[in-house]
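S.K.: Sharing a structure below in structure tokens format, with a few things to ask.
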Amino acid sequence: MDIIITGLLLGGTYALIAFGLNMQYGVARIMNLANGEFLVLGALAAFWIFVADSISPILTMLIVAPLAFFGNWVIYKALLMPLVRRAKNKGQLEVDSILATFGMSFALVGIMVSIHGEYFTYSYLAEPFEIVGETFALNRIVAFCFAVLIGVALWLWLFFTRPGMAMRAVSVSTEASGLVGINVQKMSALAFALGGAVTTMGGTLISTFITLDASVGVIFTMKALIIIIMGGVGDIRGAIVAALILGLVETTVARLIDPGLTLAAAYAIFVLVLLFRPQGLFGRKPT
Amino acid sequence: MSHENEFKSLVWGAVLLLLAACVPLVANGYWMSIALTIAMFTVLATSWSLFSGPTHYISLATAAFFGVGGYLVGTGMSDYNMDFWTMVAIAPVVGAVLAFLIGIATLRLSGVYFVIFTLGLAEMIRTMVSWIQNNFTGSRGLYVLTDLTEADIYIYLVILAAVVYLAGWWINRSRLGFALRIIGNDETVARHVGINTATSKVILFTFSGFVAALVGALIAPRYTYIEPNGVFSPELSFIVVIMALLGGTGRLWGPIVGVIPFALLQEYINANYSSYSTLVMGIAFLVIVYFLPRGVVGRIEQLLAKRGRSTW
Amino acid sequence: MVATVLSVANATKRFGGLVAVNNLSFEVHQNEVMGIIGPNGSGKTTMMNLISGALRLSEGSVSLDGRFISTLKADQINQRGIARTFQLVRVLPGLSVAENCIAGMVFGHRRLWGDQARYEAGKLLSRVGLSGKETVPVGSLTYIDQKRLELARALASSPKLLLLDEWLAGLNPTELQEGIDLIRSLREEGITIILVEHVMDAIRSLCDRCIVMAAGAKIAEGSPGEVLADPEVVKVYIGEDI
């Protein structure tokens, strides 16, 4: 029971991070391998501001989100648009964007290491909290609640507003969306920026209960990618289920076998998905 | 390419290899060590680009295979009292089998899946090996004690480089190489002209796994003491990618054009500004994507072609 | 009785809820040019993809010379002797014109290599009207020349059955006449051809037989003159110029 709840709490935050990457890959069609670094930036900001002025990470999140939004928007416009324009086909854009975002990822890690090379250790709401007779750290629960809140807000936005609908249209078909008068470029930039902001907020939340350091971003990129692939690209419901599965499996392996094996466990899931359901948990067989 | 040209480039290759083999005669300890690093990356980057060049699949699995090779030598010699050369013979076979299995699981899917899979592979093997070591074999250090000097290892790697170049030369003029070029251009067309695309890709990927594991095994005596965190460092995969792309994967000799300057740059940065090495790698990636998409060699060829046209 | 080259039996292809090809059966005989016509979206290209192995059948079967091929992959089907061109022309931009043509004869139904392949490629390229352009970058070929190149690549495997997916679309009247003559000459050499086409002049002058598809199903079969006079065919084509 303890494992299940801890796993679900972790999975909730994972879902939020994957949501961010999913918007970037699903709508803007950029496989952003620097996504994890934005997560770490969110964590670094939370740590920094908390240690300096003991401001709550939740407040930090509100400051960080617009900054990350703007930063990602600039990255998309300045660095990724030229690649989209010069690409002759989908394959070339894929390779270019993978290499470019690797470059950004390394550059960001390099910058963050020079800002703060050690672990981002701080203690926020590390108090016990009781659910159905078992105790959990309050910070995990708070992070989970905010992750759900942000996720629901995004979902409402995507499904009940005009720009949200335009964004979903772009994710289905860039060409058709262009034909019905949607500004695909603008929507792609918006989705990329929004995705980056969501992941950064996820990073701020996760830093309240997991100690991160500057170079750990790539692990989170991997986890987000595994979740997206498991859930099916662009499939929100699938991603949530996948994130919860990943959270559960990781927690189970960490508690029952060895905390060092969480990555191996995530990988085992990944291999199974690739072998048996490469189209995602709920996806149809590709035609 | 005409037969005469082919013969010429073979002769040139042989001369350069002989020159490379003479380096230990003139180089002292410091430069010998740099030459060894260059030889190691030349083999890794060249075999990497044999697969990734034509197919455009970015493999980040080099560190995994390299680590498997180094670790097998370490554990074989320390834990099982095996002979160095026996382990050198076993390691590449294990690397090849691993690459084969990864290839059949991921290469039938799109390129993104492959990148993501190989991205964490070294890290995963490292955590599993550490776990097994801590829980079952006891966390003893793995020593690789041989009487090989850096110059000896260097010569072995130069020979291996020669073999890789020959293999690459042969592949490029074989049906297999032609098939890979077609796959890199348009996989759908490739299938419709009768190419079993998965098999072609898996063969080349297996070869690159074989070579990387062999390099890892051969170079193990250099480090004397093997630990998983060292041999499975994911950074190695990225450096290989940067070097190969910086040089250019369009030609067999492209990667070495990137290996030499980047290895020297890294040496300089690590010695003087070691905290910036990650940043430098990031910038290198960006420079390649935005300014040298076809590598230095591709850029030079482009310029020569332009000049050729304007003088006519 | 003429030998049957290709036989399609109860072919059905579903994409989720959409039935793109619905219970379609037909045969193609030795040395025949068969046309598949029908309005846009009627499933013609899907049918071609099912024959060439680009797509898997949901139900039914396809057999070549009496042997089932519908479980094979595209590369295996090509090796059995079916070659195709694509609706949206697909040349290989990174390869030379000659290499583009050679690509078709190395791995498939015919397996040539080296000097022999180069010699054959030269012959084929001049056959389709590309002689002298062996060294031109593929990207700077005109549209018709790219189509010619794609045809040369398909012919390079010396196929038993050639699938042409709107190969004549987008050509001007002179080019069209050249194209029609070229296809006719292939047929005279003994190649069996399936033609998906909107250009009715080509259908009339080339095809021995046609099937007409609408909404995934076959609604008529016969000589071009017969099917184009069929009231039901006229009905599905209303608004289109025939």
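The values are calculated or read from the model by the stated rules, or taken from the named source; none is laboratory data. Every value quoted in this text rests on a predicted model; they were computed, and no experiment measured them. Cβ atoms come from the backbone with ideal geometry, glycine included; neighbour counts cover every protein chain shown. The accessibility values were calculated without ligands, DNA or RNA, using every heavy atom of the protein model including side chains. Shrake-Rupley method; radii C 1.70, N 1.55, O 1.52, S 1.80 Å.
S.K.: Within the range B:249-272, can you find the residues that are open to solvent by less than 50 Å² (accessible area, probe 1.4 Å) and out of contact with any helix residue (DSSP H, G or I) (no Cβ under 6 Å at 6 or more places or on another chain)?
M.R.: Scanning the range B:249-272 gives a single hit, B:Gln266.
S.K.: Just checking, which of C:Gly53, C:Gly114, C:Gly66 is out of contact with any Ser or Thr (no Cβ under 6 Å at 6 or more places or on another chain) and over 21 Å from C:Leu163 (Cα atoms)?
M.R.: Step by step, each of C:Gly53, C:Gly114, C:Gly66 is checked, and only C:Gly114 is out of contact with any Ser or Thr (no Cβ under 6 Å at 6 or more places or on another chain) and over 21 Å from C:Leu163 (Cα atoms).
S.K.: Restricted to the range C:1-50, and to residues that are among the aliphatic types (A, V, I, L, M) and outside any strand (DSSP E or B), which residue is most open to solvent (accessible area, probe 1.4 Å)?
M.R.: Looking at residues that are among the aliphatic types (A, V, I, L, M) and outside any strand (DSSP E or B), I get C:Met1.
S.K.: Return yes or no: is C:Gly66 over 15 Å from the mean Cα position of the chain (by Cα), open to solvent by 50 Å² or more (accessible area, probe 1.4 Å) and either under 17 Å from C:Val212 (Cα atoms) or modelled with pLDDT of 90 or more (or both)?
M.R.: In short, no.
S.K.: Which one of these is touching a residue at least 60 places away in the same chain (Cβ under 8 Å), of a type in the set (Gly, Ala, Ser) and in a helix (DSSP H, G or I): A:Ser97, A:Ser114?
M.R.: A:Ser97
S.K.: Can you tell me which residue among A:Val233, A:Val241, A:Val218, A:Val249 is facing chain B (nearest Cβ under 10 Å) and modelled with pLDDT of 85 or more?
M.R.: A:Val218
S.K.: Checking the structure you have, find out if any residue of the range B:280-299 is more than 14 Å from chain A (Cβ to nearest Cβ), open to solvent by 20 Å² or more (accessible area, probe 1.4 Å) and in contact with a helix residue (DSSP H, G or I) (Cβ under 9 Å, 6 or more places away or on another chain).
M.R.: yes
S.K.: Let me ask something additional. From the residues in the range A:45-89 that are of a type in the set (Ser, Thr, Tyr) and at negative phi, which one is surrounded by the fewest Cβ atoms within 10 Å (Cβ to Cβ)?
M.R.: This residue is A:Ser56.
S.K.: A further question follows. Is it true that some residue in the range B:54-67 is within 13 Å of another protein chain (Cβ to nearest Cβ) and open to solvent by 30 Å² or more (accessible area, probe 1.4 Å)?
M.R.: Among the residues of the range B:54-67, at least one is within 13 Å of another protein chain (Cβ to nearest Cβ) and open to solvent by 30 Å² or more (accessible area, probe 1.4 Å), which makes the answer yes.
S.K.: Identify, by number, the condition in (1) touching a Phe, Trp or Tyr at 6+ places or on another chain (Cβ under 7 Å); (2) surrounded by 15 or more Cβ atoms within 10 Å (Cβ to Cβ) that A:Ser171 doesn't meet.
M.R.: Condition (1) is where A:Ser171 drops out.
S.K.: Sticking with this structure for a sec: Search the range C:101-115 for residues being touching a helix residue (DSSP H, G or I) at 6+ places or on another chain (Cβ under 6 Å) and more than 9 Å from chain B (Cβ to nearest Cβ), and hand back the single one that is farthest from C:Arg148 (Cα to Cα).
M.R.: Filtering first and then ranking leaves C:Leu112.
S.K.: If you don't mind, another one. Scan the range B:134-154 residue by residue and report those that are assigned to a helix (DSSP H, G or I) and open to solvent by 20 Å² or more (accessible area, probe 1.4 Å).
M.R.: B:Asn134, B:Asn135, B:Phe136, B:Thr137, B:Glu150, B:Ala151, B:Asp152
S.K.: With A:Val64, A:Val40 as the choices, which residue is within 20 Å of A:Val109 (Cα to Cα) and in contact with an Asp or Glu (Cβ under 9 Å, 6 or more places away or on another chain)?
M.R.: A:Val40
S.K.: Residue check, B:Ala190 against (1) in contact with a Leu (Cβ under 8 Å, 6 or more places away or on another chain); (2) open to solvent by less than 10 Å² (accessible area, probe 1.4 Å), all met but one. Which one?
M.R.: Of (1) in contact with a Leu (Cβ under 8 Å, 6 or more places away or on another chain); (2) open to solvent by less than 10 Å² (accessible area, probe 1.4 Å), only one is false for B:Ala190: (1).
S.K.: Still on this structure, I have one more. Of all helices (runs of 4 or more DSSP H) completely enclosed by the range A:132-195, which ones contain at least 2 residues that are over 30 Å from A:Pro82 (Cα atoms)?
M.R.: Where helices (runs of 4 or more DSSP H) fall fully within the range A:132-195 and carry at least 2 residues being over 30 Å from A:Pro82 (Cα atoms), they are A:138-160.
S.K.: If I ask for residues that are farther than 26 Å from B:Ser33 by Cβ, at pLDDT below 90 and assigned to a helix (DSSP H, G or I), which ones from the range B:250-296 would you list?
M.R.: Correct list: B:Gly295 only.
S.K.: Take the range C:186-204 and flag every residue that is more than 24 Å from C:Ser7 (Cα to Cα), surrounded by fewer than 18 Cβ atoms within 10 Å (Cβ to Cβ) and not acidic (Asp, Glu).
M.R.: C:Met200
S.K.: Collect the residues in the range A:127-143 that are in contact (Cβ under 8 Å) with a residue 24 or more places away in the chain and in contact with a helix residue (DSSP H, G or I) (Cβ under 6 Å, 6 or more places away or on another chain), keeping them in residue-number order.
M.R.: A:Glu134, A:Arg140, A:Ala143
S.K.: Filter the range C:149-189 down to the residues that are more than 13 Å from the chain's Cα centre (by Cα) and closer than 23 Å to C:Phe107 by Cβ and list them by number.
M.R.: C:Leu149, C:Ala156, C:Ser157, C:Ser158, C:Glu189 - these are the residues of the range C:149-189 that are more than 13 Å from the chain's Cα centre (by Cα) and closer than 23 Å to C:Phe107 by Cβ.
S.K.: Here are some conditions: (1) within 14 Å of chain A (Cβ to nearest Cβ); (2) touching a Ser or Thr at 6+ places or on another chain (Cβ under 9 Å); (3) open to solvent by 50 Å² or more (accessible area, probe 1.4 Å). B:Thr127 meets all but one. Which one does it not meet?
M.R.: So B:Thr127 meets the others, but not (3).
S.K.: OK, next. Are any residues in the range A:246-260 closer than 15 Å to A:Met1 by Cα and over 15 Å from the mean Cα position of the chain (by Cα), and if so, which ones?
M.R.: A:Leu248, A:Val249, A:Glu250, A:Thr251, A:Thr252, A:Val253, A:Ala254, A:Arg255, A:Leu256
S.K.: Determine which member of the set B:Thr37, B:Thr42, B:Thr86 is of a type outside the set (A, V, I, L, M, F, W, C) and open to solvent by less than 20 Å² (accessible area, probe 1.4 Å).
M.R.: B:Thr42
S.K.: A further question follows. Kindly check whether there is at least one residue in the range A:61-76 that is within 14 Å of chain B (Cβ to nearest Cβ) and over 16 Å from A:Thr200 (Cβ atoms).
M.R.: No, the conditions are met nowhere in the range A:61-76.
S.K.: Which condition does C:Thr142 not pass, out of (1) surrounded by fewer than 15 Cβ atoms within 10 Å (Cβ to Cβ); (2) within 21 Å of the chain's Cα centre (by Cα); (3) within 11 Å of chain B (Cβ to nearest Cβ), if it passes all the others?
M.R.: (3)
S.K.: Just to check your reading of the model, which residue among C:Val106, C:Val128 is touching a residue at least 40 places away in the same chain (Cβ under 8 Å) and outside the structural domain of C:Val196 (by TED's automatic domain parsing)?
M.R.: Answer to the selection: C:Val128.
S.K.: Filter the range C:47-79 down to residues that are touching a residue at least 60 places away in the same chain (Cβ under 8 Å) and touching a Leu at 6+ places or on another chain (Cβ under 9 Å) and give me whichever is nearest to the other protein chains (Cβ to nearest Cβ).
M.R.: Residue satisfying both the conditions and the ranking: C:Ser52.
S.K.: Another one. Checking the conditions here, which among A:Ile98, A:Ile111 is of a type outside the set (S, T, N, Q), within 11 Å of chain B (Cβ to nearest Cβ) and open to solvent by 60 Å² or more (accessible area, probe 1.4 Å)?
M.R.: A:Ile111
S.K.: If the Cβ limit is 6 Å and pairs must be 6+ apart or interchain, which residue in the range B:182-199 that is within 7 Å of chain C (Cβ to nearest Cβ) pairs with which residue that is aromatic (Phe, Trp, Tyr)?
M.R.: Between residues of the range B:182-199 that are within 7 Å of chain C (Cβ to nearest Cβ) and residues that are aromatic (Phe, Trp, Tyr), the close pairs are B:Val193/C:Phe107; B:Gly194/C:Phe107; B:Ile195/C:Phe107.
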